[in-house]
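Novice: Pasting a structure here, questions to come.
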Amino acid sequence: MSEVSERAVPGRGLRGRVQRIDWHDRNTLAYVVLFGLAIVFPGLVQFATGGNGTYLVSTAADAGVYVLLALGLNVVVGFAGLLDLGYAAFFAIGAYTYAMLASNRLAVTPLHHAVHIPFWLLLLVAVFVAALFGALLGAPTLRLRGDYLAIVTLGFGEIVPRVFRNLATWTGGVNGIPALDVPTLPAWITGPWAGTPLAVVRDFQFIDPTAFYVLMVALLVVIVVLINNLQRSRLGRAWMAIREDEVAAAAMGINTVTTKLLAFAIGASFSGFAGCFYGAKLSLVSPENFSFVVSVTILLMVVLGGMGNIPGVMMGALAIYVIDFYVLTNLPAWTSGAANALGLGFLNQQQGDWPGLGDETQRLIYLVFGLILVCTMLLRPQGLLPSRVRQQELAQASTQESLADVESA
Amino acid sequence: MGDEQDGVILRCEHVSKRFGGLLAVDDVSFTVERGQVFALIGPNGAGKTTLFNCITGLFPPTEGGILFEGLDIAGARPHQVARLGIARTFQNIRLFEYMTALDNVRVGQHARMHAKLWDSLFKLPRERREEREVTERAMELLRFVGLERNAHDYARNLAYGQQRRLEIARALATQPRLLLLDEPAAGFTPQEKVELMELVESILGRGITVFLIEHDMRLVMGISHRIAVLDHGEKIAEGSPEEVRRNERVIEAYLGRSA
């Protein structure tokens, strides 16, 4: 009762909305921390590395791609409760859409004519192409439930990169498509964050990783706002209802098939969007970038972050990305360095079966990754920042388990 | 058909439902009059819920026709049936447990809302207005069933009786003209049963026809205008509460054991 009246008090408009922000809410806090971090990151990194941190900013932009992917998969898995194990397929479709339509590739195909469509337009095209494939995959398969859907999506995730690899006439096969167009803008603001004085640049070309980073942050802000809107809408509630009880949802007049299809298509469109950005930044796409491991990694990000909770998923994505692409890649160097520093340099020598500490770490890298994941899930099964619902479900499950223990004892 | 002029809202004609070798519903016909309370009674396993499931499109009847306001809905999908104006509750409560009471009732209004994907994505003024209206209507319905204080509680945290009432509120949110209640008083205390009877009265007062399955004889006899009795999938009697009470076959099949 009191909750209702409290919510009704603040007025509309910006002021009312600011007053309504609950600063004790963990999600609000997470958004503030994430956004603040995103703003200061480039400056901080350049300062800390004495101006040599550009590669770190570039890595952060790549991490943003994964945040985007995790947000999209969260719509499918977290909101609608559909297990999708082939999500990287849509990522590939987005990336190849950009690669084919923004490079000289089509000149050497039977089409004999290169196509160069601007990046900004292709972002939208990739969204629609991926959504279309999402709908195409979903239409015949969404009648399946749970495990069966997972298997079909798994198959789809395997097929798509294989098609791109084997359709060499069009896609360049294993070599992929190199030398993609650089996105351009008629005007761009540069400043201290890119190591230059504040100025407006005309005919700006996206070559500097910092520019990609800024673009990524801007896109993420927009997308987070949009998904938040979606979650608290008619459609968001319908997804949740289907996740909870499909029969009851249908009895409420929800067309479960089209609603699930929409979740699939919207999730896919995020992936297509991310793929387009990824292709443009890397200026190269190859079938190797979209393997099953990518699908699983994204799923991990969603689950570890806190299924269904937007800031949680973002934090999960960042955490996994940092572990996967920074900690683990540098771990061999760190361990051998540490051995040297501690006067245990002999550990780095190759001797018989022992390849040296660095190489040995390299061999064990996936074991370390697995251990980190297992420990995280044991310590925080609900994810880093779970949704309220998920928290409740797990609390419920554990009470039931302990009750069962009592009864069997 | 002439159903509209006759005041018939639902007509089942020779409906049968077969599961493999089991004939769960066997050639059942009856009509439900608009503005009345129609009750379906019978021993466990008589096929009552199966009949409800056929009407609401969970599965199609094997044979026969189901006419809602003169329109044949046999074989229609559940969401289509709901959109036409038939709402239901479930024998074993099927709320969206991890959604708030308010959200449960808001989901109920899904089919009566118009927000499209773009409206929701960009929170257009039209969408905001609709959300406000939907929330107000949901609160009104929660008040109607006496749950306004629990609007922000998760459905699963509500007491049993509250869950049953929330399910009714959620069904009413679909703006039905015919409401199907599957054992709404199961597990109720006598006091709760009295409250339920009052609730059914006020639902009728809103111009909604009520079609219910119920085991409690006193409750059924108290609120129903007309009763049909099912036994082993067959309709063995139909009439006013008084006629059904006196019917030999009913006494034999059903009341004989309990009365």
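The values are calculated or read from the model by the stated rules, or taken from the named source; none is laboratory data. What you are looking at is a predicted structure, and each value in this text was computed from that prediction instead of being measured. Virtual Cβ from ideal backbone geometry, glycine too; neighbours counted across all protein chains shown.
Novice: Kindly indicate whether residue B:33 is of a type in the set (D, E, K, R), under 22 Å from residue B:207 (Cα atoms), away from chain A (no Cβ under 14 Å) and crowded, with 18+ Cβ neighbours inside 10 Å. First the steps, then the outcome.
Specialist: Numbers: of a type in the set (D, E, K, R): yes; under 22 Å from residue B:207 (Cα atoms): yes; away from chain A (no Cβ under 14 Å): yes; crowded, with 18+ Cβ neighbours inside 10 Å: no.
It is false that residue B:33 is of a type in the set (D, E, K, R), under 22 Å from residue B:207 (Cα atoms), away from chain A (no Cβ under 14 Å) and crowded, with 18+ Cβ neighbours inside 10 Å.
Novice: Quickly run through the range B:131-146 and pick out the residues that are without any contact (Cβ under 8 Å) to a residue 24 or more places away in the chain, more than 8 Å from chain A (Cβ to nearest Cβ) and closer than 22 Å to residue A:226 by Cα.
Specialist: Passing the criteria: B:132, B:133.
Novice: State whether one or more residues within the range A:150-163 are without any contact (Cβ under 8 Å) to a residue 40 or more places away in the chain, within 25 Å of residue A:84 (Cβ to Cβ), within 14 Å of chain B (Cβ to nearest Cβ) and outside any strand (DSSP E or B).
Specialist: Looking for residues that are without any contact (Cβ under 8 Å) to a residue 40 or more places away in the chain, within 25 Å of residue A:84 (Cβ to Cβ), within 14 Å of chain B (Cβ to nearest Cβ) and outside any strand (DSSP E or B), one finds none in the range A:150-163, hence no.
Novice: Confirm whether residue A:111 is more than 26 Å from residue A:241 (Cα to Cα) and not assigned by TED's automatic domain parsing to the domain that holds residue A:317.
Specialist: Here the answer is yes, as residue A:111 does meet what is asked.
Novice: Would you be able to tell me the number of residues in the range B:86-118 that are over 18 Å from residue A:248 (Cβ atoms) and either surrounded by fewer than 19 Cβ atoms within 10 Å (Cβ to Cβ) or under 16 Å from the mean Cα position of the chain (by Cα) (or both)?
Specialist: So the answer is 4.
Novice: Could you say which residue among B:220, B:244 is more than 17 Å from the chain's Cα centre (by Cα) and within 15 Å of residue B:48 (Cβ to Cβ)?
Specialist: After ruling out the rest, the residue left standing is B:244.
Novice: Restricting to the range A:72-94, give me the number of residues that are under 24 Å from residue A:225 (Cα atoms) and part of a helix (DSSP H, G or I).
Specialist: 12
Novice: Whether any residue in the range B:159-173 is assigned to a loop (DSSP other than H, G, I, E, B) and touching a residue at least 24 places away in the same chain (Cβ under 8 Å) is what I want to check.
Specialist: Looking through the range B:159-173, none of the residues is assigned to a loop (DSSP other than H, G, I, E, B) and touching a residue at least 24 places away in the same chain (Cβ under 8 Å).
Novice: Any idea which residue in the range A:337-354 is surrounded by the most Cβ atoms within 10 Å (Cβ to Cβ), counting only those that are within 24 Å of residue A:370 (Cβ to Cβ) and at pLDDT 85 or above?
Specialist: Let us first name the residues in the range A:337-354 that are within 24 Å of residue A:370 (Cβ to Cβ), namely A:337-339, A:347, A:353-354.
Of the ones still in play, those that are also at pLDDT 85 or above are A:337-339.
Values: A:337: 14, A:338: 12, A:339: 17.
The extreme case among them is A:339.
Novice: Using the structure shown, decide if residue B:107 is in a helix (DSSP H, G or I), of a type in the set (Val, Ile, Thr), modelled with pLDDT of 95 or more and out of contact with any Phe, Trp or Tyr (no Cβ under 7 Å at 6 or more places or on another chain). So that I can check it myself, show each step before the final result.
Specialist: On the way: in a helix (DSSP H, G or I): yes; of a type in the set (Val, Ile, Thr): yes; modelled with pLDDT of 95 or more: yes; out of contact with any Phe, Trp or Tyr (no Cβ under 7 Å at 6 or more places or on another chain): no.
Judged against the criteria, residue B:107 is not a match.
Novice: Kindly indicate which of B:135, B:189 is modelled with pLDDT under 95 and among the hydroxyl-bearing types (Ser, Thr, Tyr). Before you say what the answer is, go through the steps one by one.
Specialist: Values: B:135 fails: modelled with pLDDT under 95.
Of B:135, B:189, the one residue that is modelled with pLDDT under 95 and among the hydroxyl-bearing types (Ser, Thr, Tyr) is B:189.
Novice: Check off (1) buried (at least 20 other Cβ atoms within 10 Å of the Cβ); (2) modelled with pLDDT of 95 or more for residue B:219 and give me the number that stays unchecked.
Specialist: (2)
Novice: Please determine whether any residue of the range A:210-220 is within 14 Å of chain B (Cβ to nearest Cβ), under 30 Å from residue A:80 (Cβ atoms) and of a type in the set (A, V, I, L, M, F, W, C).
Specialist: Within the range A:210-220, the first condition is being within 14 Å of chain B (Cβ to nearest Cβ), and the residues that meet it are none.
No; the residues of the range A:210-220 include none that is within 14 Å of chain B (Cβ to nearest Cβ), under 30 Å from residue A:80 (Cβ atoms) and of a type in the set (A, V, I, L, M, F, W, C).
Novice: Related question: All but one of (1) surrounded by 23 or more Cβ atoms within 10 Å (Cβ to Cβ); (2) out of contact with any strand residue (DSSP E or B) (no Cβ under 6 Å at 6 or more places or on another chain) hold for residue A:105, so report the exception by its number.
Specialist: Among (1) surrounded by 23 or more Cβ atoms within 10 Å (Cβ to Cβ); (2) out of contact with any strand residue (DSSP E or B) (no Cβ under 6 Å at 6 or more places or on another chain), residue A:105 violates only (2).
Novice: Could you tell me which residue of the range B:95-104 is farthest from the other protein chains (Cβ to nearest Cβ), considering only residues that are in a helix (DSSP H, G or I) and of a type outside the set (D, E, K, R)?
Specialist: Looking only at the range B:95-104, we keep the residues that are in a helix (DSSP H, G or I), and these are B:101-104.
Restricting the remaining residues to those that are of a type outside the set (D, E, K, R) gives B:101-102, B:104.
Values: B:101: 12, B:102: 9, B:104: 8 Å.
In this case the residue turns out to be B:101.
Novice: For the range B:183-212, give me each residue that is of a type in the set (A, V, I, L, M, F, W, C), in contact with a Phe, Trp or Tyr (Cβ under 9 Å, 6 or more places away or on another chain) and touching a residue at least 40 places away in the same chain (Cβ under 8 Å).
Specialist: B:199, B:210, B:211, B:212, listed by residue number.
Novice: When the residues of the range A:115-149 are filtered to those that are in contact with a strand residue (DSSP E or B) (Cβ under 7 Å, 6 or more places away or on another chain) and outside any helix (DSSP H, G or I), which remaining residue is surrounded by the most Cβ atoms within 10 Å (Cβ to Cβ)?
Specialist: As a first pass, look at the range A:115-149 and keep what is in contact with a strand residue (DSSP E or B) (Cβ under 7 Å, 6 or more places away or on another chain): A:116-117, A:119, A:122.
Then keep just the ones that are outside any helix (DSSP H, G or I); that gives A:116-117.
Numbers: A:116: 12, A:117: 14.
The residue in question is A:117.
Novice: Next up: Out of the residues in the range A:257-292 that are under 28 Å from residue A:105 (Cα atoms), in a helix (DSSP H, G or I) and polar (S, T, N, Q), state the one that is nearest to the other protein chains (Cβ to nearest Cβ).
Specialist: Filtering the range A:257-292 for residues that are under 28 Å from residue A:105 (Cα atoms), in a helix (DSSP H, G or I) and polar (S, T, N, Q), the one nearest to the other protein chains (Cβ to nearest Cβ) comes out as A:269.
Novice: What is the number of the single condition among (1) under 27 Å from residue B:55 (Cβ atoms); (2) part of a loop (DSSP other than H, G, I, E, B) that residue B:197 does not meet?
Specialist: The number of the failed condition is (2).
Novice: Answer yes or no as to whether residue B:124 is hydrophobic (A, V, I, L, M, F, W, C), within 18 Å of residue A:232 (Cβ to Cβ) and surrounded by fewer than 16 Cβ atoms within 10 Å (Cβ to Cβ).
Specialist: yes
Novice: Within the range B:147-158, take every residue that is within 13 Å of another protein chain (Cβ to nearest Cβ) and in contact (Cβ under 8 Å) with a residue 40 or more places away in the chain and give me the one that is surrounded by the fewest Cβ atoms within 10 Å (Cβ to Cβ).
Specialist: B:152
Novice: Please determine whether any residue of the range A:248-256 is among the β-branched types (Val, Ile, Thr), over 17 Å from the mean Cα position of the chain (by Cα), facing chain B (nearest Cβ under 9 Å) and crowded, with 23+ Cβ neighbours inside 10 Å.
Specialist: yes
Novice: Just name the residue that is nearest to the other protein chains (Cβ to nearest Cβ) out of those in the range B:37-56 that are assigned to a loop (DSSP other than H, G, I, E, B) and at pLDDT below 95.
Specialist: B:47
Novice: Could you check the range A:42-55 and list, in sequence order, the residues that are touching a residue at least 40 places away in the same chain (Cβ under 8 Å) and either under 19 Å from residue A:191 (Cβ atoms) or not in a helix (DSSP H, G or I) (or both)?
Specialist: Correct list: A:42, A:43, A:46, A:51, A:54.
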